[in-house]
Amino acid sequence: MSLLARLEQQVEDARENGNRREDPYAQLKLLVHKKIIDELKAQALEDDSENGELAAKIEQRVLEILADQGEPLPRAERQRLAREITDDAVAFGPITPLLNDPEISEVMVNGPQKVYVERRGKLQLTDVRFRDNAHVMHIIEKIVAPLGRRIDESMPMVDARLPDGSRVNAIIPPVALNGPTITIRKFFKDPLTIEDLIQLGTLTPEIAKFLEMCVKGRLNIIVSGGTGSGKTTTLNILSSFIPGDERIITIEDAAELQLRQEHVITLESRPPNIEGRGAITIRDLVRNALRMRPDRIVVGEVRSGEALDMLQAMNTGHDGSLTTGHANSPRDMLSRLETMVLMAGMDLPVRAIREQIASAIDLIIHQSRLKDGSRKITHLTEVQGMEGEIITLQDIFLFRQEGYDQGGKVKGRFLATGIRPKFLSKLEANGIVLPPEIFSPSIL
């Protein structure tokens, strides 16, 4: 949709908005909107909002129009109206300031009147409001349209991303009873590094060094955890340890990984078109990646049948593959992998599936978001093999929670269990030698 079309739609939405009286300056805002549309039509300005030039022009012109109206508006109100009109025209409406706030990691729009954010791991209700459902729908359309995706009553859910890479999920009525709902997982311009995780207390320097050696030693690793536990962030950091002379193929539903290596191929799944055809699934991409001569395959998340293809890749010479999955514990991650393999439609015996998993996976990194909002790597667990019908696991490092301090922060410590993992021989075969003392039973 062109800039003029967007502005005209906003004017129409404002006219139809039954709650307009809540904003004492709504009529003035409508008048300024109309003037801006007329001027843009006359000047035939192009939409160069990407570099901010158009946004600056519109904001400056809005301030001039407001000054010409002769309304005794306080300076703060003039600035607010100018910012709101500009954000609606070239940005993402009322949530634009939230997306620009570096302390906010997630933005959640629960209908037009409730907007929450996650700040430092805690949910907070903001004073941000949309005019009505149509206003929220306008922002959703603005997000998904440039990506060639659609959202309507026949397809009321969509995954998308913002131009900066932030992940977006939108769901609308009749499925969402609260009104159009948007969830945005922000994409930070400067991705977190392993040093940041150490400073935040997610892990210790010893564990960080161990993980770096595991990635360089080409272990197959799964990062497990619940929603919002930081799995993708950890996967991104693990990916940064991959040597720069290797060919990396990343596969995601919505591209989030920020790899800094030179030789990276990024693949993204695609939903079906309006006729229900043309879908490209994660499983399709994993199978295709095997024909692209990868040194490493990094899958953003396994959710269903692609788990079988991922395990096949790990078992057929593509060592060093990385992925994430939702689970409550390392053991639960294995149970979920079994279920996902069965979702591929293959009638395999459970024992055969477990043998594939035990052979493919070397290490499970389990991450949790604790009650105080902090994120910790709570388990580093080796997949040792099969014992009868059961896959055997062995914890190498653990985080042991020991209560809370006076400020409500979680107290705890990282421990080495004292067990030397069996995959040390695999690391040594790839030229990685870990000092024995790193596994000594102690507090890290």
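Only the coordinates and a few stated rules stand behind these numbers; no lab work does. Just so you know, these numbers come straight off a predicted model, no measurement behind them. Cβ placement follows ideal geometry from the backbone for every residue including glycine, while neighbour counts extend to all protein chains displayed.
In the chain, taking the dipole from charged Cβ atoms about the Cα centre, the farthest positive-side position among Leu162, Asn273, Gly244 is held by Gly244. Taking Leu125, Leu363, Leu285 as the candidate residues, the one with maximal mean-square fluctuation in a Gaussian network model of the chain, Cα springs under 10 Å, is Leu125.
Over all pairs of different C-alpha atoms, segment 264-309 has a mean inverse distance whose reciprocal, the Kirkwood radius, equals 11.6 Å.
Around Ser269, what is the net charge, scoring Lys/Arg as +1 and Asp/Glu as -1 over all other residues with Cβ under 15 Å from its Cβ? Mind showing how you got there, number by number?
Numbers: positive: Arg149, Arg161, Arg167, Arg270, Arg277, Arg283, Arg287, Arg303; negative: Asp159, Glu252, Asp253, Glu256, Glu268, Asp284, Glu301, Glu306, Asp309.
Neighbour charge sum, excluding Ser269 itself: -1.
Mean-square fluctuations from a GNM of the chain, with a 10 angstrom spring cutoff on Cα atoms, peak among Ile274, Ile364, Ile251 at Ile274. For Thr232, Thr250, Thr86, the sequence from fewest to most other C-beta atoms within 10 Å is Thr232, Thr86, Thr250. Exposure here means at most 12 other Cβ atoms within 10 Å; with trypsin sites (Lys or Arg not before Pro) in a DSSP loop as sites, the longest stretch of the chain lacking them is 1-119.
Which of the GluC sites (Glu not before Pro) found in segment 355-444 are in a DSSP loop and have at most 14 neighbouring Cβ atoms, other than their own, within 10 Å? Working shown, then result.
Details: sites: Glu355, Glu382, Glu387, Glu389, Glu402, Glu428, Glu437; in loops: Glu389.
Sites meeting the loop and neighbour criteria: Glu389.
For the chain, modelled as a GNM whose springs connect Cα atoms under 10 angstrom apart, the maximal fluctuation among Ala344, Ala416, Ala327 occurs at Ala344.
Annotation: extensible slack from Ala176 through Gln401 equals 77.2 nm (criterion: 0.36 nm per residue apart, minus Cα-Cα distance).
The Cα trace of segment 92-188 gives Rg and Dmax of 12.5, 37 Å, the first to one decimal, the second as a whole number. If I take all pairs of Cα atoms in segment 173-320, what percentage of them are more than 29 Å from each other? It works out to 23 percent of all Cα pairs.
Hey, what's the Kirkwood Rh for the chain if you take every pair of different alpha carbons, in angstrom?
Numbers: mean 1/r = 0.0409 Å⁻¹.
Every distinct Cα pair counted, the radius reaches 24.4 Å.
When each of Ser229, Ser224 is scored by the number of other beta-carbon atoms lying within 10 Å, the sequence from fewest to most is Ser229, Ser224. Of the residues Gly317, Leu81, Ala429, the one whose Cα sits farthest towards the positive end of the charge dipole of the chain is Ala429 (charges of +1 on Lys and Arg Cβ, -1 on Asp and Glu Cβ, taken about the Cα centre). Cα-based values for segment 194-443, radius of gyration first and Dmax second, are 18.1, 60 Å.
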